[in-house]
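The values are calculated or read from the model by the stated rules, or taken from the named source; none is laboratory data. Note that the structure is a prediction, hence the values are computed from the model and not measured. Positions of Cβ are generated from backbone atoms using ideal geometry, with glycine treated the same way; all protein chains shown enter the neighbour counts.
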Amino acid sequence: MSALDAWVDELGLIGGNGNVVNRFAWTPELLGACRWLVERLRELGLKADIDAAGNVIGRWEVDGANIDDGAAVLVGSHLDTVPDGGRFDGALGVLSALEAIRRLKAEGFAPRRPLWIAAFNDEEGTRFGTSMFGSTAFVGGDLTSLGDRKGVDGVRLTEAMREQGFDFAEVATAKAVDSVCCYLELHIEQGPRMQNQALDTAVVTSIVGIGGYRVVLRGQTNHAGTTPMTERRDALTGASRVVLALRDAALTAEDVTANVGRIEVRPGGTNVIPGEAVIFVDVRTANPETFTTLGDLVRDTVTAAASAEKLTAEISMSYEHQPVPMNGYLQTLLADEMASQRLAWASLSSGAGHDAQILAQHVPTGMLFVPSQSGISHAPDEFTPPEQREPGVSVLTNVLKTLLLADKIAVPDNSAQTTVHP
Ligand code: GLV
Ligand code: MN
Ligand code: MN
């Protein structure tokens, strides 16, 4: 078994049960995975630590670097998961980067600039809705408004960090993007296109824009049997209207997805009319113009549903990540490498969010995909077999070599912004 395949199995045991993996921000499971990675990096001779934002940062420094800017090439992904997630989303990117470093060390490669590896904290935002927390801290984004946010377990973010030995007040010290000249991320595709087209690898052209909203609908808690059907103010009925209306809006719009993946119903008795429903909405589009209309789509839909069911509604934004193109120069480097290895490859957009969309707003950023079996991800069935891991690692390793020997990396060709909401 290759080192990479052994690492996939080993890492999958941390927070894992069979193919089901649960690793969330500021939990012993995710921190266990981070510490495991720190050990692997140190074994390879890198300096490695967990920063104040919970990111693992490994550094292969170069003595007497003969490049003017001395900036590092950064490669990585994330180790946290969705609830009952799989073993590959994020993890395969981190482990492929680790494997690329192992190969470079093994062949005695001498970089002309530093090589850093990152496992960014909380890409998914599963526990607190604070998606891209670690990469946002890495680029110097202002996260101060998030400290009071409560997780799914009712614990405040500041408290959750303290329980694991971290200090929310220190998060800003994780900013390190100024020492980096470019970012590369390998990821599973998370959709069916590569399998359908029998592709080995893909160059990512752009990453979708994402809006996340928390909607609270309030009506009147009352008796299930004695309240006439015409006189109810049922919050869950209102929530159901929102779910269906968003689905219909996304079906008729071009290039829009809408998802409600979590609903909390209170008080939660079979014989009680639900007085409150909290729903968590995720809307996406790759089109920058359409992206500016998604907030209104959610607000109008919620207002109409609330009015039809005589409810009150409160809407707050949990996260917003702009659609971004990937750097043109890095797309070309990746494509040329795939072509020279005679791989079956194509250029594809990403419907999933990635730390790369945060980094892309600051440094030239490129991504490559490897296939997801049956297009499944964010689920325990997510799988990329060993023979489909190798082409991605091989491309990543060679492109890293090129970048590590380059005098200058092309300037960013995009300028999108990321907004963090309390
Ligand atoms: C991250 O995986 C996302 O697309 O939400
Ligand atoms: Mn994911
Ligand atoms: Mn991911």
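A few points about this structure:
- Selected residue (criterion: farthest from ligand 1 (Cβ to nearest atom)) from residues of the range 62-92 that are of a type in the set (V, I, T) and at pLDDT 95 or above: V73
- Condition met for L30 (farther than 27 Å from A137 by Cα and under 23 Å from the mean Cα position of the chain (by Cα)): no
- Hits in the range 71-94 - residues which are part of a strand (DSSP E or B), among the small types (G, A, S) and within 14 Å of ligand 3 (Cβ to nearest atom): G76, S77, G85
- Test: residue in the range 93-114 that is surrounded by 24 or more Cβ atoms within 10 Å (Cβ to Cβ) and within 16 Å of ligand 1 (Cβ to nearest atom): yes
- Some residue of the range 349-362 being touching a helix residue (DSSP H, G or I) at 6+ places or on another chain (Cβ under 7 Å) and among the polar types (S, T, N, Q): no
- Every pair of residues 6+ apart whose Cβ atoms lie under 7 Å, when the first sits in the range 315-337 and is touching a residue at least 60 places away in the same chain (Cβ under 8 Å) while the second is part of a helix (DSSP H, G or I) and β-branched (V, I, T): I315/V298; I315/V302; L333/V399; L333/T402; L334/V395; L334/V399; E337/V395; E337/V399
- Members of the range 371-395 that are touching an Asp or Glu at 6+ places or on another chain (Cβ under 7 Å) and within 16 Å of ligand 3 (Cβ to nearest atom): P371, S372, I376, S377, H378, P380, E382
For (1) at pLDDT below 95; (2) of a type in the set (V, I, T); (3) under 30 Å from M367 (Cα atoms), each residue gets a yes or a no:
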position: A235; (1), (2), (3): no, no, no
position: R241; (1), (2), (3): no, no, no
position: A245; (1), (2), (3): no, no, no
position: L251; (1), (2), (3): no, no, yes
position: V265; (1), (2), (3): no, yes, no
position: E314; (1), (2), (3): no, no, no
position: Y319; (1), (2), (3): no, no, yes
position: P323; (1), (2), (3): no, no, yes
position: D336; (1), (2), (3): no, no, yes
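Conditions tested, residue by residue: (1) outside any strand (DSSP E or B); (2) modelled with pLDDT of 95 or more; (3) among the acidic types (D, E).
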{"residue": "A119", "(1), (2), (3)": "no, yes, no"}
{"residue": "E123", "(1), (2), (3)": "yes, yes, yes"}
{"residue": "S131", "(1), (2), (3)": "yes, yes, no"}
{"residue": "S135", "(1), (2), (3)": "yes, yes, no"}
{"residue": "A160", "(1), (2), (3)": "yes, yes, no"}
{"residue": "A169", "(1), (2), (3)": "yes, yes, no"}
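- Members of the range 34-55 that are away from ligand 3 (no atom under 15 Å from the Cβ) and either part of a strand (DSSP E or B) or within 17 Å of F133 (Cβ to Cβ) (or both): C34, K47, A48, D49, I50, D51, A52, A53, G54
- Meets criteria (under 19 Å from the mean Cα position of the chain (by Cα), surrounded by fewer than 21 Cβ atoms within 10 Å (Cβ to Cβ), more than 16 Å from ligand 3 (Cβ to nearest atom) and among the basic types (K, R)) for K175: yes
- Of all residues in the range 232-263, those being closer than 21 Å to I210 by Cβ and surrounded by fewer than 20 Cβ atoms within 10 Å (Cβ to Cβ) number 17.
- Within the range 348-381, the set of residues being small (G, A, S) and at negative phi comprises S349, S350, G351, A352, G353, A356, A360, G366, S372, S377, A379.
- Residue within the range 399-414 that is within 27 Å of E254 (Cβ to Cβ) and either modelled with pLDDT of 95 or more or outside any helix (DSSP H, G or I) (or both) present: yes
Yes/no matrix, rows are residues, columns are (1) under 28 Å from L403 (Cα atoms); (2) touching a strand residue (DSSP E or B) at 6+ places or on another chain (Cβ under 8 Å); (3) modelled with pLDDT of 95 or more:
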| position | (1), (2), (3) |
| --- | --- |
| V203 | yes, yes, yes |
| A224 | no, yes, yes |
| P228 | no, no, yes |
| G238 | no, yes, yes |
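- Filter result for L343 (away from ligand 2 (no atom under 16 Å from the Cβ), among the hydrophobic types (A, V, I, L, M, F, W, C), under 21 Å from V75 (Cα atoms) and touching a strand residue (DSSP E or B) at 6+ places or on another chain (Cβ under 6 Å)): no
- Count - residues of the range 80-105 that are among the hydrophobic types (A, V, I, L, M, F, W, C) and either more than 15 Å from W7 (Cβ to Cβ) or within 11 Å of ligand 2 (Cβ to nearest atom) (or both): 4
- Among (1) within 16 Å of ligand 1 (Cβ to nearest atom); (2) surrounded by fewer than 20 Cβ atoms within 10 Å (Cβ to Cβ), the one test that A339 misses: (1)
- Scanning the range 292-324 for residues that are in a strand (DSSP E or B), polar (S, T, N, Q) and closer than 16 Å to A258 by Cβ yields one hit, S318.
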